[in-house]
Amino acid sequence: MIRRAPLIAAAILLLACEEEGPPPATPVTVQTPPPATTVESAPAPPSAPVIEKLAADSPRLTPQGATFTAPAGWSLKYGSTSRVLEGPEPDLHLAIVDVKAADSPEAAVAQAWPTLDPSFKRPIKVALDRPARHGWEQNKRFIYETSPNERLFVLATALRKGASWTVVLLHASDPSFEKRLAPVRLVADSLRPAGYVRESFKGKTAHALDAARLSTLKDFVDTARQAAGVPGVAVSLFTTDSVLFEGGFGVRELGKTAPVDADTLFIIASNTKGMSTLLLAKLVDEGKFTWDTKVTSVYPTFKLGDADTTGKVLMKHLVCACTGLPRQDLEWLFEFKGSTPKGVLDLLGTMQPTSGFGEVFQYSNVLASAAGFIGGAVVYPKLELGAAYDQAMQSKVFGPLGMTSTTFDFAKAMRGDHASPHAEDFSGKPAVAAMDINRAIVPLRPAGGAWSNVKDVRHYVQMELAKGKLPNGTRYISEDALLTRRAPQVPTGEDETYGMGLEVNTEYGIAYVHHGGSMIGYKSDLFWLPEQGIGGVILANADAGGLLLRPFLRRTLEVLFDGKPEAAEDVASAAAQRKERLAKERVRRVTPADREVVKALAKRYTSPALGDVGVKTDAKGTVFDFGEWKSTVSSRKNDDGTMSLVTIDAGVDDFEFVVNDAGGRRGLILRDAQHEYAFTEKP
């Protein structure tokens, strides 16, 4: 799954207030959770300010009685109007501040900031009004300007209940914030005003999705698609043994008339992961290894950049996001020409963990790809790794499940009924995105490279709903091997855990299993409710399609259980916020890029990890050409006086290169949240 701007995206998801060692992955069924913690069960604040070191996730109260969960391993400082959380890293600060006398969210935030920084004066980058949820009556978020060399993320969220405000402040380095996204999400998810009773569907009988309710869901999808500016969406809704609705909305490509239908292929991205772990589960059933077998016993040359972590990795950990390996996507997004599965495993051998094993959720596409390739090598040890995986998936997964259209062959998929990728261009309008960078997933295809349609994905989910049985009643896989993939490996929030390419969520008092997927111009989500025997799939052909994924699930739950009608407002609000955020980001960018900045650039730069970039300028602007893909760039003057060059072409925008001419040699710096890559002038 690709994320080009992970920190802002994470903040929008994690701080909405609406991604120890892990528990053992023993075979389990999904159970309905116990009742949520009540206000009365949370301890009262101490009489004097103290600092508490938290040994476990613990319910706590703000001075005004709002409830939240403080994460294990963090420190909690009690103040007269605040609770200040300090992360395991010293540069991660999260404060919850009660403000009684404020006539606006801006005033509440201004009063709160001295809790963390008495001299705080950063300009606001964007202010976003959010739908009020979970007992709050107003919700506004403020994201602040930072310069890229600061590697800093600063955010505030103002929440109102009655006349009182609760303000969440976040001030963190980029590396620490990305590393601790899950515990930050735990705090945000659990923050609720005093006395609020959570919505729950526990004990309720789901309505049948009759014609009227299906019509409601179809209308929602098409309206939401248009609100978000997504050209085409395909949807399937079904039970364990029947199809309730399967079809498409909109078109495969802007400017053309061919419609999206149930046969239209999309890249399903990270929803390939659960299918790859299904291959492993089949091999567990066949006695090739167990979930607790060390990976080095199955594939002796497997290694990570850290020998200690390598020795701890069991087969169940390959797609658990719990090994401490961080996202390190730039290395495969920039240098994939000529890359092979073996080369990907070699790259994995250079990657270092940035957190302890089992300590926290961190998502690694490269490690997940190893799961599929190792599984394929077990089945076909004499074949090249990629060919072995492809053939193993066909013989063990796609074939038996009747997934006749699913393929890893880009050329084959694009010759037939397929959806083109879309993203916003520099003007903010939807446009067809270049496919080039999506080919980066081919050498890592077990992590996200499958093309599929809603029919085929529905076949897969129906098998999951049937606990391993095929439509004819024959057993495809044992319940034990299948359900272990859903067992919790690491928490991702208050009510959600990550298993093996699957997430289990219990936020509404019932359990649902789901996973999302994201490549350039493609978004996907699949979900199923094990106790109710209902599932759904949604595939979209635009980056903005991500705005539809959770709301589609939410709207399905609303229709099934008479839930509060929130999904439609969520989509409309998110679409407006996305438009506003993209517009604000463009305000400070100059295109064509500043002439003087461009004039000073070298003609070619090189990076040991990311390869070469050529710089070409003509009357239309300046283009950075990375060989595998390219983009026009804009320029931006940062608050610290540095200059950035930022890619702007649809789908490949937001890669930011900071001009770094030092020691008489011209250079550029590109960063993800936890890594920095230096490009120097190439003679």
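Just so you know, all these numbers are worked out from the coordinates, no wet-lab data involved. Only a predicted model underlies this, so the values are computations on that prediction, with no experimental measurement involved. Backbone-built Cβ (ideal geometry, glycine too); neighbour counts: all protein chains shown.
Kindly provide the pair-distance distribution of the stretch 47-100 built from C-alpha pairs, with 10 Å bins from 0 and whole-percent values in order of increasing distance.
26, 59, 15, 0
Which three extents, in angstrom, do the Cα atoms of the chain have along their principal axes, listed largest first?
68, 65, 54
Compactness ratio of the stretch 269-400: Cα Rg over 2.2 N^0.38 Å, N = residue count? Provide the component values of the computation, followed by the final result.
Working: Rg = 13.9 Å, N = 132, 2.2 N^0.38 = 14.1 Å.
Normalised by 2.2 N^0.38 Å, the Cα Rg of the stretch 269-400 equals 0.99.
Using all C-alpha to C-alpha distances in the stretch 427-585, build P(r) with 10 Å bins and read off the rounded percent in each one.
Binned Cα distances yield the sequence 9, 32, 36, 19, 4, 0.
Arranged by the count of other C-beta atoms within 10 angstrom, fewest first, what order do His134, His514 take? Numbers along the way, then the final one.
Values: His134 17, His514 22.
Ranked by crowding around the Cβ, least crowded first: His134, His514.
Please compute one quarter of the surface area of the Cα convex hull for the stretch 503-596 and express it in square nanometres. Kindly include the intermediate steps, with their values, before the conclusion.
Values: hull surface 31.6 nm².
Quarter of the Cα hull surface area: 7.9 nm².
Suppose the chain between Thr296 and Ala163 were pulled fully straight at 0.36 nm per residue; how much longer would it get relative to their current alpha carbon spacing?
Working: separation 133, 0.36 × 133 = 47.88 nm, distance 5.94 nm.
Length gained between Thr296 and Ala163: 41.9 nm.
In vacuum, with every alpha carbon of the stretch 329-455 counted as one equal point scatterer, what does the Debye formula give for log10 I(q)/I(0) at q = 0.19 Å⁻¹? Two decimals, please.
Each listed q maps to, in turn, -1.16.
Could you tell me what fraction of 2.2 N^0.38 Å the Cα radius of gyration of the stretch 393-446 comes to, as a two-decimal ratio? Before the final figure, lay out the partial values.
Working: Rg = 14.7 Å, N = 54, 2.2 N^0.38 = 10.0 Å.
Taking N as the residue count of the stretch 393-446, the ratio is 1.46.
Which net charge results when you count Lys and Arg as +1 and Asp and Glu as -1 among the other residues whose beta-carbon is under 12 Å from that of Asp98?
Values: positive: Arg83, Lys100, Arg160, Lys161; negative: none.
The answer is +4.
By the scheme Lys and Arg +1, Asp and Glu -1, what is the net charge of all other residues having a beta-carbon under 11 Å from that of Thr115? Don't jump to the answer; show the numbers that get you there.
Details: positive: Lys77, Arg83; negative: Asp98, Asp117.
Its environment carries a net charge of 0.
May I ask for the Kirkwood hydrodynamic radius of the stretch 37-190, worked out over all distinct Cα pairs and given in angstroms to one decimal? Mind dumping the intermediate values first?
Details: mean 1/r = 0.0634 Å⁻¹.
Computed over Cα pairs of the stretch 37-190, the Kirkwood hydrodynamic radius comes out at 15.8 Å.
Mind pulling up the Rg/Rh value for the stretch 639-683? Radius of gyration and Kirkwood radius, both on Cα.
On the way: Rg = 11.6 Å, Rh = 11.6 Å.
Looking at the stretch 639-683, the ratio lands at 1.00.
If R0 is 41 Å, what FRET efficiency do you get for Asp409 and Asp91 from their C-beta distance, rounded to 0.05? Could you put the intermediate results ahead of the total?
Working: r = 45 Å, r/R0 = 1.11.
Once rounded, the FRET efficiency stands at 0.35.
As an exercise, find the ratio Rg/Rh for the stretch 589-681 from alpha-carbon atoms, using the Kirkwood inverse-distance average for Rh.
On the way: Rg = 12.2 Å, Rh = 13.2 Å.
We get a ratio of 0.92 for the stretch 589-681.
Peptides 425-433, 476-484: what's the order by average Cβ count within 10 Å, highest mean first? Present the calculation step by step, with values, prior to reporting the outcome.
Details: 425-433: 16.8, 476-484: 19.3.
Ranking the peptides 425-433, 476-484 by packing returns 476-484, 425-433.
Kindly provide the helix-only [θ] at 222 nm of the chain, computed as the sum of -39,500 (n - 2.57) over DSSP H runs of four or more divided by all residues, to the nearest 500 deg cm²/dmol? Each step should come with its number before you reach the end.
Working: 18 runs with 179 residues, N = 683.
Rounded to the nearest 500, the figure is -7500 deg cm²/dmol.
Would you mind ranking Glu494, Glu86 by Cβ crowding within 10 Å, fewest neighbours first?
On the way: Glu494 20, Glu86 17.
Starting with the residue having the fewest Cβ neighbours, the order is Glu86, Glu494.
With N denoting the number of residues in the stretch 211-581, provide Rg(C-alpha) divided by 2.2 N^0.38 Å, to two decimal places.
Values: Rg = 19.7 Å, N = 371, 2.2 N^0.38 = 20.8 Å.
Ratio of Rg to 2.2 N^0.38 Å for the stretch 211-581: 0.94.
If you plug each phi of the stretch 152-168 into the Karplus form 6.51 cos²θ - 1.76 cosθ + 1.60 with θ = phi - 60°, what whole-Hz ³J(HN,Hα) values come out, in order, with x for Gly and Pro?
9, 10, 9, 8, 9, 10, 9, 10, 10, 10, x, 9, 9, 10, 10, 10, 9
How do 299-312, 181-194, 565-578, 437-450 rank on mean C-beta neighbours within 10 Å, highest first?
Details: 299-312: 15.4, 181-194: 23.4, 565-578: 18.2, 437-450: 25.0.
The packing order, highest mean first, is 437-450, 181-194, 565-578, 299-312.
Based on the Cα gyration tensor of the stretch 83-173, what are the three equivalent ellipsoid semi-axes, each the root of five times an eigenvalue, rounded to whole Å and given largest first? Write down the numbers at each step before the final one.
Working: eigenvalues 97, 41, 30 Å².
One finds semi-axes of 22, 14, 12 Å for the stretch 83-173.
What percent of all Cα-Cα pairs in the stretch 456-545 falls in each 5 Å bin, counting up from 0?
3, 13, 21, 23, 20, 13, 6, 1, 0
Given the C-alpha centroids of the stretch 185-253 and the stretch 507-553, what is the distance between them in whole angstrom?
Between the Cα centres of the stretch 185-253 and the stretch 507-553 lies a distance of 8 Å.
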